[in-house]
Structures are given as structure tokens and as C-alpha cells.
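Undergrad: Input: one structure, supplied below.
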Amino acid sequence: MAKAKSDETIGYAQALDELQTILEELESSEVDVDKLAVSVQRASQLIELCRDRIGSAKLQIEDVVKGLAKE
């Protein structure tokens with residue numbers, strides 16, 4: 001499973017797209033057993049990346065809201 005971009009530059013939407021592709025592959029009746037572990041590992045990495053991006057966005061939003069409250 002080749003990565004188009006490094007995890008540092010991949011966007012949230014791209015990560016979700018890749019996760020969707022992996023999910024479709026895993027749901028197919030012809031899952032390549034040799035590729036299964038690699039796919040599950042990559043999915044785990046993408047889920048963590050998405051969680052990090054959501055957490056970061058949440059902190060940024062909270063900072064903006066705090067700044068608005070001070071005005």
C-alpha cells in the first residue's frame with residue numbers, strides 16, 4: 001500500500017479517503033491475507049492522524065472563542 005504523501009502533509013480529508021479505500025478492501029470477499037495486516041496497521045495510523053487533527057482543530061477553536069470572549 002503506497003502512500004501518496006507523508007503523514008506530516010496528508011490532510012484530514014485525504015486520510016479519510018484512504019481509510020474508506022482500506023475499509024472497502026477489507027469488506028470485499030477477496031481480501032488478500034498477505035496484505036491484511038499491513039492494511040489494518042495503516043488504518044490504525046490514519047485513525048490516529050485524524051484524531052490528532054481533530055484535537056488540534058478543537059484547541060485552535062477554543063483559543064479563538066477565548067479571544068472573542070475577552071473582547
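Undergrad: Starting from residues that are among the aliphatic types (A, V, I, L, M) and either in contact (Cβ under 8 Å) with a residue 24 or more places away in the chain or assigned to a helix (DSSP H, G or I) (or both), keep the ones in region 30-45 and report whichever is surrounded by the fewest Cβ atoms within 10 Å (Cβ to Cβ).
TA: Residues of region 30-45 among the aliphatic types (A, V, I, L, M): 31, 33, 36-38, 40, 43.
Applying the additional criterion that residues be either in contact (Cβ under 8 Å) with a residue 24 or more places away in the chain or assigned to a helix (DSSP H, G or I) (or both) yields 33, 36-38, 40, 43.
Details: VAL33: 6, LEU36: 12, ALA37: 9, VAL38: 12, VAL40: 11, ALA43: 18.
Looking at the filtered set, the residue picked out is VAL33.
Undergrad: Name the residue, out of ILE54, ILE22, ILE61, ILE10, that is in contact with a Phe, Trp or Tyr (Cβ under 8 Å, 6 or more places away or on another chain) and of a type in the set (Val, Ile, Thr). Talk me through it step by step, then tell me what you get.
TA: On the way: ILE22 fails: in contact with a Phe, Trp or Tyr (Cβ under 8 Å, 6 or more places away or on another chain); ILE61 fails: in contact with a Phe, Trp or Tyr (Cβ under 8 Å, 6 or more places away or on another chain); ILE10 fails: in contact with a Phe, Trp or Tyr (Cβ under 8 Å, 6 or more places away or on another chain).
Exactly one of ILE54, ILE22, ILE61, ILE10 is in contact with a Phe, Trp or Tyr (Cβ under 8 Å, 6 or more places away or on another chain) and of a type in the set (Val, Ile, Thr), namely ILE54.
Undergrad: Given GLU62, GLU71, GLU48, GLU27, which one is surrounded by 12 or more Cβ atoms within 10 Å (Cβ to Cβ) and of a type outside the set (A, V, I, L, M)?
TA: GLU48
Undergrad: Restricting attention to region 53-71, which residues are more than 16 Å from the chain's Cα centre (by Cα) and in a helix (DSSP H, G or I)?
TA: Within region 53-71, the subset more than 16 Å from the chain's Cα centre (by Cα) is 59-71.
If the condition is that a residue be more than 16 Å from the chain's Cα centre (by Cα) and in a helix (DSSP H, G or I), then LEU59, GLN60, ILE61, GLU62, ASP63, VAL64, VAL65, LYS66, GLY67, LEU68, ALA69, LYS70 are the ones that fit.
Undergrad: Moving to a separate point now. For ALA13, all conditions in the list (1) over 12 Å from the mean Cα position of the chain (by Cα); (2) part of a helix (DSSP H, G or I) hold save one; what is the number of the exception?
TA: Among (1) over 12 Å from the mean Cα position of the chain (by Cα); (2) part of a helix (DSSP H, G or I), ALA13 violates only (1).
Undergrad: Additional query: Which of the residues spanning region 29-71 are closer than 24 Å to GLU8 by Cβ and either in contact with a Pro (Cβ under 6 Å, 6 or more places away or on another chain) or among the acidic types (Asp, Glu) (or both)?
TA: Listed by number, the residues that qualify are GLU48, ASP52, GLU62, ASP63.
Undergrad: Moving on. For GLU8, indicate whether it is free of Cβ contacts under 8 Å to residues at least 60 places away in the same chain, surrounded by 10 or more Cβ atoms within 10 Å (Cβ to Cβ) and among the acidic types (Asp, Glu). Please lay out each step first, then the result.
TA: Working: free of Cβ contacts under 8 Å to residues at least 60 places away in the same chain: yes; surrounded by 10 or more Cβ atoms within 10 Å (Cβ to Cβ): no; among the acidic types (Asp, Glu): yes.
When the stated conditions are applied, GLU8 does not pass them.
Undergrad: Take the conditions in contact with a Lys or Arg (Cβ under 7 Å, 6 or more places away or on another chain), among the aliphatic types (A, V, I, L, M) and surrounded by 10 or more Cβ atoms within 10 Å (Cβ to Cβ) and apply them to ILE22. Does it pass? Steps first, please.
TA: Details: in contact with a Lys or Arg (Cβ under 7 Å, 6 or more places away or on another chain): yes; among the aliphatic types (A, V, I, L, M): yes; surrounded by 10 or more Cβ atoms within 10 Å (Cβ to Cβ): yes.
Criteria met by ILE22.
Throughout, read-outs are computed from the coordinates displayed, never taken from laboratory work. Here the structure is a predicted model, which is why all the values come from computation and not from measurement. Glycine also receives a Cβ, built like all others from the backbone with ideal geometry; neighbour counts cover every protein chain displayed.
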